[in-house]
1. If you check residue 375 against the conditions, is it within 16 Å of residue 217 (Cβ to Cβ), surrounded by 13 or more Cβ atoms within 10 Å (Cβ to Cβ) and at pLDDT 95 or above?
2. If we scan segment 360-367, do we find a residue that is at pLDDT 95 or above, closer than 28 Å to residue 220 by Cα and either out of contact with any Gly (no Cβ under 6 Å at 6 or more places or on another chain) or surrounded by fewer than 12 Cβ atoms within 10 Å (Cβ to Cβ) (or both)?
3. Residue check: is residue 185 charged (D, E, K, R) and not assigned by TED's automatic domain parsing to the domain that holds residue 271?
4. Given the options 281, 320, name the one that is surrounded by 14 or more Cβ atoms within 10 Å (Cβ to Cβ), out of contact with any Asp or Glu (no Cβ under 9 Å at 6 or more places or on another chain) and modelled with pLDDT of 95 or more.
5. Quick check on segment 52-85: of everything there that is of a type in the set (A, V, I, L, M) and buried (at least 18 other Cβ atoms within 10 Å of the Cβ), which residue is farthest from residue 124 (Cα to Cα)?
6. Checking the conditions here, which among 107, 66, 103, 88 is assigned by TED's automatic domain parsing to the domain that holds residue 155 and free of Cβ contacts under 8 Å to residues at least 24 places away in the same chain?
7. Can you list residue pairs whose Cβ atoms sit under 7 Å apart, with the first residue in segment 14-26 being closer than 13 Å to residue 46 by Cα and the second being modelled with pLDDT under 90 and exposed (fewer than 13 other Cβ atoms within 10 Å of the Cβ)? Count only pairs 6 or more apart in sequence or on different chains.
8. Do any residues in segment 29-42 that are in contact (Cβ under 8 Å) with a residue 24 or more places away in the chain and farther than 17 Å from residue 197 by Cα have Cβ atoms under 8 Å from those of residues that are of a type in the set (A, V, I, L, M, F, W, C) and not in a helix (DSSP H, G or I), where the two are at least six apart or on different chains, and which pairs are they?
Amino acid sequence: MKRVILIKYGELSTKKGNRNYFINTLHRMISDKLKNYSVKIHKDRARMTILFDEKDLPQIQNIINKIFGIHTYHIATVCDSDNEVIQKTLLEMIQKEAFSTFKIDVKRCDKSFPIPSQDYNRVLGGLLLKNIPNISVDVHHPDLWIHVEIREDSTYIYHNSFEGCGGYPVGTQARGMLMLSGGIDSPVAGYLAMKRGVEIDAVYFEAIPHTSLEARNKVIALCKKLSFYTDMIHLHIVNFTKIQESIYQYCRDDYCITIMRRMMYRIMEKLAKQHNAYVIINGESIGQVASQTLTSMSVINSVTNMPVIRPVACLDKLEIIDLARKIDTYETSILPFEDCCTIFVPKHPVINPRMDICVEEENKFDYSSMIEEAVSSMNTVNVSSEEDEFHDFL
């Protein structure tokens, strides 16, 4: 019996006039991810099917589980849309299963098929009751829910359902610049942005020798985990040492974190313009730390006109941790290597900073030239789920 992976689009189906664009982008993503496997992919406006080699099914499932734009998928047996063939195929399939109760749901998409859906439910249900002992029908809570989709080209029979990532395929939206630290929150923010179709570049601020090479490696590892959900992520590594040292030398202790974040936002805007990105993305969560109060966010945000997306802003820490575990970034994020945001943290950082004080403190040193130097000396690493292209950089 021939089997295919039957993909349901979910939210993509609501796109009306733009549906083909989203479906074509999903098709390109799946084709690229499965290029090393012997598959045949067919798409239409309602679904997508993948004909596969049975020995590759576990690996293929592992890959498509990480592709945005797939709502659900099923492993379906395919046969001709002929009454006798459907009955024979169904019986062969179901006799291999262990169950006590079942339900059949027929969808007659091909109206030329001679038996209406409700009548065919009873025909197929009677077939199973007659040929398989000790089973019964349960329309509310069946052990086995059997779906039969009768279409012009073929009939698809399945009784399994696998949850996809949902959202939109990466690349259906423009590029965004992710502030990727080594913490728990920012990788989750990147994941959620990609789920809405945003293609991301990542930016990491390091302050060697105050931050370590191990901290950089941790960020590259996080970037690699995120790259499983897209093609490749360009990781821009910014040398932040001179700026950070100047902040702590010249500025008020309680304002250092606020001013540091303002400098980062200035750099992010420049990088976004250089790389044709339209938004800044970060892992800020309201009230989690001093720089993430609403007052702090407002003062920090004022240095840029670039839109800022905060996907985890309204999640509590436990919800963020749950997502980090789901996408397999948590264990990497908690490795004990500090980044720019965690070194030199003052004992009492300001939680309601004033704009005029920030400007006064920043004017104590020539940050503009330092920002230009940091941007011009930036290094970029291309991080892919397939190749370790960054090893020469480490």
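The values are calculated or read from the model by the stated rules, or taken from the named source; none is laboratory data. What you see is a predicted model; the values in this text were computed from it and never measured. Heads up, the Cβs are rebuilt from the backbone with ideal geometry, glycines too, and the neighbour counts pull from every protein chain shown.
1. Numbers: within 16 Å of residue 217 (Cβ to Cβ): no; surrounded by 13 or more Cβ atoms within 10 Å (Cβ to Cβ): yes; at pLDDT 95 or above: yes.
Considered against the rule, which asks whether it is within 16 Å of residue 217 (Cβ to Cβ), surrounded by 13 or more Cβ atoms within 10 Å (Cβ to Cβ) and at pLDDT 95 or above, residue 375 comes out as no.
2. Yes, segment 360-367 has at least one match.
3. no
4. Unique residue meeting the criteria: 281.
5. The first filter runs over segment 52-85 and keeps only residues of a type in the set (A, V, I, L, M), leaving 57, 60, 63-64, 67, 70, 75-76, 78, 85.
Pick out the ones that are also buried (at least 18 other Cβ atoms within 10 Å of the Cβ) and you get 60, 64, 67, 70, 76, 78.
Details: 60: 31, 64: 32, 67: 35, 70: 30, 76: 17, 78: 16 Å.
Taking the candidates together, the pick is 67.
6. That would be 88, the only listed residue that is assigned by TED's automatic domain parsing to the domain that holds residue 155 and free of Cβ contacts under 8 Å to residues at least 24 places away in the same chain.
7. From residues that are closer than 13 Å to residue 46 by Cα, the pairs are 19/45; 23/45.
8. Listed by first residue and then by second, the contacts come to 34/41; 34/50.
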